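J.: There's a structure below that I have some questions on.
The values are calculated or read from the model by the stated rules, or taken from the named source; none is laboratory data. All figures in this text were calculated on a predicted structure; none of them were measured in a lab. So basically every Cβ, Gly included, is an ideal-geometry build from the backbone, and we count neighbours across all protein chains shown. Just the protein is used for accessible areas: all its heavy atoms, side chains included, with ligands, DNA and RNA removed. Shrake-Rupley method; radii C 1.70, N 1.55, O 1.52, S 1.80 Å.
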Amino acid sequence: MSGNKFGFTPIDDNDLKKTRRREVGPMGAAVRETANSLNESTENRVEQRRQNASDAKEYRKARDEGRVLVAVGINDILTSDLPRDRLDLLAVASSDEMDELKASIQERGQKEPIELYMDLDGRFQLKKGWRRLTALKQLFEETGEDRFSSITARVAETQSDRIDLYIDMVEENVVREDLTFAEMAQVAILASRDADLGAGDPEALVGRLYSSLHKMKRSYIRSFVYLLNELEDALPFPKAVSRNLGVEVARKLRASSGSVAGLKNVLARASTAGEQNETLDAFLVDPDAELSSDMPREKSESVKYEFHVGASKVTARKGECRILSGQDFSSIDRPKLQRAVEAFEAVLNE
């Protein structure tokens, strides 16, 4: 059929059955691309939020467990909540070992973090690292350098069981075998007096505090617990008591408790560790004998003490006065140094 005046022919039924192919135009392609991009962006954001939430949860868990390292000001840390596992902290603070630790930190920085926990008032309390904290405090006092004003620490923000705090405190030194039996016994005694712990029996606490030690070693510690409790302040140099001496004296005291008063009277007059141990040895020979105050004594031991003057450390003992300082004494004019030493001697002889 020829076309009509409008220029088209009737529709062929076969043409209606054919599938028409539609090409996406420029605008459609742009819209489709934008939609796909939005879907991908939304999925990415959802996944990122999910990952951020997971990371935040893991971080909070690590922080609460004390696995996150933070910098804490040295003056913001208290040591008042737990007793230290040392009987003579002043001696440790002025010892040669402390000087070596300070020299290492000054040269290489703090390598091992200390461990802290938050007390019920939200304050930092020391759990592990008394030496490192003390070394940094001394360095800051001596030099004034900002790098010594803070310390790297792990902070456990969740409240641990009180007994776990004690165990963590002693664990470090026990592993290093750096504690005397008297000091380990002293920790158990102090812990037994901790009202928040509510333990009461120091000998029973030994098993909990030192559960990682061999049972024989725990037995030795219990002997020293008994010894320190019985003799109390009458034992002036507990760290000087050897393991065997302490265990044997404790055994004798258990068997003849009536001799405690006489032993305490003589021990109270001991002026040196040697005199103290000689008295304990005599007690082992005959615990029921009347202990005499004029019994033979060893020669007095040489006394040593140390202190700081500014940035200088002074060590004094018989026939020796040693000064450790950053000062280069060889650079000082000899007459000037001689006058300083003469003035030093003049003051001593006043």
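J.: Taking a quarter of the surface of the Cα convex hull of segment 66-123, what do you get in nm²? Can you show the working numbers first?
T.: Numbers: hull surface 20.9 nm².
One quarter of the hull surface, i.e. the mean projection, equals 5.2 nm².
J.: For Ser80, put the label point 7 Å out on the Cα→Cβ axis and report which residues of segment 110-131 keep their amide N under 13 Å from it.
T.: Under 13 Å, as judged by backbone N against the label point of Ser80, lie 119-126 of segment 110-131.
J.: What accessible area per residue comes out for segment 178-253, rounded to a whole number of Å², with a 1.4 Å probe?
T.: Values: 3440 Å² over 76 residues.
Ligands and nucleic acids excluded, the figure is 45 Å² per residue.
J.: Sticking with this structure for a sec: Would you pull out the residues with amide H under 5 Å of Lys127's amide H, same chain only if 5 or more places away, H placed 1.01 Å from N?
T.: Glu115, Leu116, Tyr117
J.: Another question, then. When the accessible area of segment 66-171 is split by element with a 1.4 Å probe, what percent falls to carbon and sulfur?
T.: Working: 2410 of 5330 Å².
Carbon and sulfur together cover 45 percent of it.
J.: Also, I was wondering about something else. For segment 134-150, take each phi angle, set θ = phi - 60°, evaluate the Karplus expression 6.51 cos²θ - 1.76 cosθ + 1.60, and give the result in whole Hz per residue in order, putting x for glycine and proline.
T.: 5, 4, 5, 4, 5, 5, 5, 5, 7, 10, x, 6, 4, 5, 9, 8, 9
J.: Still on this structure, please answer the following. Mind putting together the pair-distance distribution for segment 102-160? All Cα pairs, 10 Å bins, whole percent per bin, short to long.
T.: Once binned at 10 Å, the Cα pair distances of segment 102-160 give 23, 48, 23, 5.
J.: Using only the Cα atoms of segment 234-279, what semi-axes does the equivalent ellipsoid have when each is the square root of 5 times a gyration tensor eigenvalue? Give whole Å, largest first. Before the final figure, lay out the partial values.
T.: Numbers: eigenvalues 57, 39, 9 Å².
Semi-axis lengths for segment 234-279 are 17, 14, 7 Å.
J.: Would you please give the FRET efficiency between Glu232 and Ala273, computed as 1/(1 + (r/R0)^6) with r the Cβ-Cβ distance and R0 = 22 Å, to the nearest 0.05?
T.: Numbers: r = 17 Å, r/R0 = 0.79.
E(calc), rounded to 0.05, equals 0.80.
J.: Rounded to the nearest 20 Debye, what is the dipole magnitude of segment 81-170 about its Cα centre when Lys and Arg each give +1 and Asp and Glu each give -1 at the C-beta?
T.: Values: 14 positive and 20 negative charges, 28 e Å.
Value, rounded to 20: 140 debye.
J.: What ³J(HN,Hα) values, in whole Hz, does the Karplus curve 6.51 cos²θ - 1.76 cosθ + 1.60 give for segment 110-126 when θ = phi - 60°, with x put for Gly and Pro?
T.: These are the phi-based 3J(HN,Hα) values: 6, 9, 10, x, 8, 10, 10, 9, 8, 7, 5, 9, x, 9, 6, 10, 7 Hz.
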